[in-house]
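Any read-out appearing in this document is the output of simple, stated calculations on the displayed coordinates, not a laboratory observation. Predicted, not measured: the structure shown is a model, and the values here were computed from it. Reconstructed Cβ throughout: ideal geometry from the backbone, glycine too, with neighbour counts over all protein chains shown.
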There are 2 protein chains.
Amino acid sequence: MKVVPDPENQDATRNQLLEAAGEVFAEVGFRNATVRAICQRAGANIAAINYHFGDKETLYIEVLRYAHGKALEKHPLLLDVPETAAPEKKLRAFIHSLLLRVFEKGSHSWHGRLMSREMIEPTVALDALIEERIRPTHTALATIISEILKRPASDDCVILCVSSVFSQCVFYNHCRPAVVKLFPKLVPHDAASIENLAAHITKFSLAAMKDFSANIK
Amino acid sequence: MKVVPDPENQDATRNQLLEAAGEVFAEVGFRNATVRAICQRAGANIAAINYHFGDKETLYIEVLRYAHGKALEKHPLLLDVPETAAPEKKLRAFIHSLLLRVFEKGSHSWHGRLMSREMIEPTVALDALIEERIRPTHTALATIISEILKRPASDDCVILCVSSVFSQCVFYNHCRPAVVKLFPKLVPHDAASIENLAAHITKFSLAAMKDFSANIK
DNA sequence: TGACAATTAAAACAATTGTTTGAATTATGT
DNA sequence: ACATAATTCAAACAATTGTTTTAATTGTCA
């Protein structure tokens, strides 16, 4: 029987495989990633993936789930903002948190790229990713914007503004190579510049929506 | 010696390879695309790619160049707007043209996806793509926004707004699977709905920037 | 027509892929 | 300490990859 003596070192190779696979998948994509490269980076044997996960595809699905949990655990949807705060403050916190995930520098900087790849080259893991991760994020943003525009969250106008705000944040995830090449100084490099970018997107969007709620009859 | 009797049917297989390769590369990416699948779709022999292009990578570079030319030929940067028009009208025309390329339905609908892939998984073709295609596009947009904000095109504020506008358009290129799944009715399906989306992005951005130019000292 | 270049065709090549196998090793419970 | 389950390991497997080769076919000009 399996006993659980030390949950820390439990399944050590399994966790190392998840970490290594996350990096490799983010670097070269699912199909281009070789199990040999992953196992080598994890310091494991070639057969380790099939033993612990069954096959390469199951490993990929588990990696997405793993990265998902780690990312939201580190940067919750809203940072330090009470539920009763003004929607404008919530919007700023939401944008800031999303940008922190986009520009994550730590050992899990690969999880953003992993999501971008899943958009461009969907796999069987996409549906779960959308339902478990992206939809809750959009719902949270839609709630905030619904308050700002004073219209129901299902309103076309709210949905369009959600996309407008969201797109400005994930833009740096999907077009990083171009942004780095065209506007190097636009790419945040530390916490302060991430906050600056969050300030711009917040200001830009609030100004746009202020005009919206004023002009719409 | 090679003679050129009929420039239409000249290099027929070569063109068929370019078209077929464009579709396949857009569908599954460079590494996942097999020369067998491309040649089969082009109705050519397995060895045709190596004969006409040398190798698979050269074919890919040629495909990007080919798609680039076709796309801008069909949808110029500015649609039916004179050089002397108001910058607000130019902005609307620019956004509309960009969205037309993003939602292109014709036989070259794959070229947008090809660009998205190049961002996520850069190849040797990326630098040329940025310099020959993306930089001119951004420069055109920066000129328009520079007029609207009445600030030099090199101003940080202008650059940030260029990104804000641009991101709202290409968002539908990079996150199509999620948008289709989360807000199906948001995805334009004909010329009229593309124009509606262009109207929203234009209105959203103009409202934001109007506030910008008013508040910045 | 006949010689020669251009193109197409089928087959085979070497390299790499994910996966499986079966033995060796380690850890665990009594 | 022993028996048993869990895990690791090296080797090999079958399938697929881009490319090359060599012959057949087509087209072109003298």
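Roughly how compact is region A:7-65, stated as its Cα Rg over 2.2 N^0.38 Å to two decimals? Intermediate values should be presented prior to the final figure.
Details: Rg = 10.3 Å, N = 59, 2.2 N^0.38 = 10.4 Å.
Taking the Cα Rg and dividing by 2.2 N^0.38 Å, one obtains 0.99.
Need one number: the % of Cα-Cα pairs in region B:113-183 sitting beyond the 16 Å mark. Tail of P(r) above 16 Å: 58 percent of Cα pairs.
Distance distribution P(r), chain B, all Cα-Cα pairs, bin width 5 angstrom from 0: 1, 6, 13, 16, 16, 14, 12, 8, 6, 4, 2, 1, 0, 0 percent. Give me the log10 of I(q) over I(0) for region A:1-117 at q = 0.09, 0.13 Å⁻¹, as the Debye formula computes it from C-alpha points; what are the numbers? Listed by q, the Debye log ratios stand at -0.32, -0.60.
Ascending distances from the B:Val187 label point to its copies in the other chains, with the point 7 Å along the Cα-to-beta-carbon line: 3.1 nm. Shortest first, B:Asp155 label-point distances to identical copies amount to 3.1 nm, with the label point at 7 Å from Cα along Cα→Cβ. Remark: spin-label model distance B:Ile61-A:Gln40 equals 2.6 nm, labels positioned 7 Å along the Cα→Cβ axis. Label-to-label distances across copies for A:Ala214, with labels 7 Å out along Cα→Cβ, in nm, shortest first? Sorted ascending, the copy-to-copy spacings read 0.4 nm. Taking GluC sites (Glu not before Pro) as exposed when their DSSP state is a loop state and no more than 13 other Cβ atoms lie within 10 Å, the longest site-free interval of chain B runs over B:84-217. Computed on the Cα atoms alone, the convex hull of region B:152-217 gives a volume of 102 cubic angstrom per residue.
By the beta-carbon count within 10 Å of each Cβ, the least crowded to most crowded order of B:Val187, A:Val158, fewest first, is B:Val187, A:Val158.
Using θ = phi - 60° in the Karplus curve 6.51 cos²θ - 1.76 cosθ + 1.60, the 3J(HN,Hα) couplings for region A:123-131 round to 10, 5, 7, 5, 4, 5, 4, 5, 5 Hz; x is entered for Gly and Pro.
Each 20 Å bin from 0 upward holds the following percent of the Cα-Cα pairs of the protein assembly as shown: 23, 54, 21, 2, 0.
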